[in-house]
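Contents: one structure, followed by commentary.
The values are calculated or read from the model by the stated rules, or taken from the named source; none is laboratory data. Bear in mind that the values here come from a model prediction, so they are computed numbers and not experimental data. Here the Cβ positions follow ideal geometry from the backbone for every residue, glycine too, while neighbour counts run over all protein chains shown.
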Amino acid sequence: MTTSNASEGQKVTHRRYVPYSHAHYAGNLVDGAYSLAAFGDVATEMCIVTDGDEGLFASYSDVQFLAPVRAGDCIEIEATLVRVGTRSREMDFVVRVVTRGTPERGESAAEVLDPPIVATTARGVVVVPPR
């Protein structure tokens, strides 16, 4: 059995490039499920770090799609642990667009966004096995 190292305020951050093969809509937009899948990835790492287990997602609440995510973006996905239960781990999630293509400047031109664009937020609960 593993003991939990979970403490409120812990963060896990991933960054990834959004490939054009994931574009789903006109304007090279990706669907909202792309952000939710990314939240699942950071939640999995959080559970591994805190509990030595991948955990299982139980629920999402308050999902907000605030700005588009497009193919060619680089996004940052962050999970923050906000509540630690006996087996549950509640987290706040955010997707930020940190770079975006600028095709009007050239085929492969892109820029760093300062500040990044907050694209998606959510709260979620995962569960881990009993210790």
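Scanning region 80-131 for residues that are surrounded by fewer than 12 Cβ atoms within 10 Å (Cβ to Cβ) and either within 14 Å of Ala43 (Cβ to Cβ) or hydroxyl-bearing (Ser, Thr, Tyr) (or both) turns up Thr86, Ser108. Looking only at region 6-31, which residues are in contact with a Ser or Thr (Cβ under 9 Å, 6 or more places away or on another chain) and surrounded by 16 or more Cβ atoms within 10 Å (Cβ to Cβ)? Within region 6-31, Ala6, Gln10, Val12 qualify.
A single entry from Ser7, Ser35 fulfils the requirement of being hydroxyl-bearing (Ser, Thr, Tyr), under 27 Å from Ser88 (Cα atoms) and part of a loop (DSSP other than H, G, I, E, B): Ser7. All of Val42, Val49 fail the test of being among the hydrophobic types (A, V, I, L, M, F, W, C), in contact (Cβ under 8 Å) with a residue 40 or more places away in the chain and crowded, with 16+ Cβ neighbours inside 10 Å, apart from Val42. A search for C-beta distances below 7 Å between a residue of region 113-131 that is of a type in the set (S, T, N, Q) and any residue that is part of a strand (DSSP E or B), counting only pairs 6+ apart in sequence or on different chains, returns Thr120/Gln64; Thr120/Phe65; Thr120/Val95; Thr121/Gln64; Thr121/Phe93; Thr121/Val94. If we keep just the residues of region 62-79 that are surrounded by fewer than 20 Cβ atoms within 10 Å (Cβ to Cβ) and among the hydrophobic types (A, V, I, L, M, F, W, C), which is modelled with the lowest pLDDT? Top of the filtered list is Ala71.
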